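Notes follow once the structure below has been shown.
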Amino acid sequence: MDLNYHHLRYFQVVAHEGNLTRAAERLNVAQSALSSQIRQLEQRLGQQLFERRGRALHLTEAGRIALDHADSIFSTGRELVETLRQASHARRVLRVGAMATLSRNFQLQFLKPLLGRADVEVILRSAGAEELILGLEGLQLDLVLTNQPPAGDRLTSFVVHRLDEQPVSLIGASVFAEPGLPLRERLARHPLVLPGRSSGVRLGFEALADSLGVFPQIAAEVDDMAMMRLLVREGAGLAVIPPIVVRDELASRALIEIEKLPGLREAFYGVHIQRRFPNPLLRELLDRATEMPMG
C-alpha cells in the first residue's frame with residue numbers, strides 16, 4: 001500500500017506545532033479526525049511517531065526521521081510549483097531577505113548587477129534573523145543577506161557564502177577628529193554610538209575596550225544602521241561601524257573616518273539552501289560577488 005500524503009501532511013503540522021489542538025485549528029479539521037489520521041500513518045509505517053509528555057507531543061526517533069522526510073517532500077513540492085510558476089512569466093524573480101541591521105549600502109552594492117534589468121524583478125524583504133531563516137526554509141526566499149551565519153544545530157543544511165569583509169572604524173563629525181589623540185584616550189573621552197549587543201562588531205569592540213582598559217561612555221545602542229547614521233550626523237558621538245555604512249556621508253565630508261579600530265572587521269554572508277531547481281539568478285549574483293569583491 002502506498003503512503004497516504006494527506007496523513008503525512010497532517011503528521012508534519014502536528015510535529016511542528018507540538019500540540020494536537022493547535023494543529024487541528026491550523027488544518028481546520030476535528031481533533032479526533034487528526035488523531036485518527038496520525039494513528040493510520042503510524043500503522044502504515046509500523047512505528048510510533050509521538051510520545052505524550054503532559055499536554056505536549058514529542059517526536060520519537062522514528063518521528064524525527066519521518067519529519068525530516070516530510071519536510072523534504074513538501075519543500076520539493078513547493079519548489080516545483082514556484083519554479084514552474086516563475087517559468088510562465090517573462091520576468092524572472094529573485095527573492096532576497098536582509099537583516100534589518102545590515103548596511104543598506106552593502107545590500108545595494110551586492111544587488112546592483114540585477115537592478116534595472118527589464119527581465120528581472122528583485123523582491124527585497126527586511127526582518128530579523130530568525131524570521132528570514134524560516135522564510136528560507138519555507139522557500140519564500142532564495143537568499144538571505146546577513147552578518148551572522150545561521151546556527152549549525154538546525155535541521156536544514158545551509159550553504160553559506162562569505163561575500164565581503166569590511167574594516168570597522170570610528171566615524172564622526174570633524175569636531176571629534178583631534179589628530180594624534182591615542183585611541184585609548186579617544187574612546188574614554190567621547191560618547192559612542194554602538195551596535196546592539198548581539199552584533200559581532202559590538203562583541204569585538206567590547207573585547208578591544210577591555211584590552212585597552214577603557215570603560216566607554218555609551219551615548220546610544222542602535223540595531224538599525226540608518227538610525228545609527230542619523231545619530232552620528234546629528235553629533236551624538238562617534239559611531240563604531242564599517243565605513244561602507246556611511247559611504248555617502250564620507251564622500252561629502254559630512255562625516256569623517258577618524259580611526260580604524262585594530263582587529264575589528266565585519267563579515268557579510270549570503271545564505272541559501274540546496275535546491276533541486278535553483279534560481280539561476282542566484283548563481284549569477286553569487287558568481288559576480290566572487291569575481292568582484294565589494295570591499
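Please treat every number below as a calculation from the coordinates, not as lab data. Keep in mind that this is a model prediction, so the values were computed, not measured. Don't worry about glycine lacking a Cβ; one is built from the backbone with ideal geometry, like all the others, and counts go over all protein chains shown.
Normalised by residue number, the volume inside the convex hull of the Cα atoms of the stretch 1-86 is 98 Å³ per residue. Near ALA267, once Lys and Arg are set to +1 and Asp and Glu to -1 for all other residues with Cβ below 10 Å from its Cβ, the sum equals -1. Each peptide in 19-27, 241-249 was scored by the mean count of other Cβ atoms within 10 Å over its residues; highest first, the order is 241-249, 19-27. Amide H contacts of LEU192 (H built 1.01 Å from N, in plane; Pro and chain starts excluded): GLN217, ILE218, ALA219, ALA220, LEU238 sit under 5 Å, all sequence-distant by 5 or more or on other chains.
Each Lys or Arg adds one and each Asp or Glu takes one away; over the other residues whose Cβ falls under 15 Å from the Cβ of TYR10, this sums to +1. In the chain, helical runs assigned H by DSSP with n ≥ 4 each contribute -39500 (n - 2.57); averaged across all residues and rounded to the nearest 500, the mean residue ellipticity at 222 nm is -13000 deg cm²/dmol.
At q = 0.19 Å⁻¹ the log10 of I(q)/I(0) for the stretch 134-196 amounts to -0.82, computed by Debye summation with a single uniform scatterer per C-alpha, solvent ignored. For PHE50, the residues whose amide H sits under 5 Å from its own are THR60, ignoring neighbours fewer than 5 places away on the same chain, with H placed 1.01 Å from N.
Each peptide among 263-275, 178-190 gets the average number of other Cβ atoms lying within 10 Å of its residues, and from highest to lowest they stand as 263-275, 178-190. Summary value for the chain: 21 percent relative contact order, contacts being C-alpha pairs under 8 angstrom separated by 6+ residues. For the stretch 1-61, the list of chymotrypsin sites (Phe, Trp or Tyr not before Pro) that fall in a loop by DSSP and count at most 14 other C-beta atoms within 10 angstrom is empty. Size descriptors for the chain, from the alpha-carbon set: Rg then Dmax equal 24.5, 80 Å. Anisotropy class assigned to the stretch 196-278 is oblate, per the alpha carbon gyration tensor with a/c at or over the 1.5 cut-off and a/b no larger than b/c.
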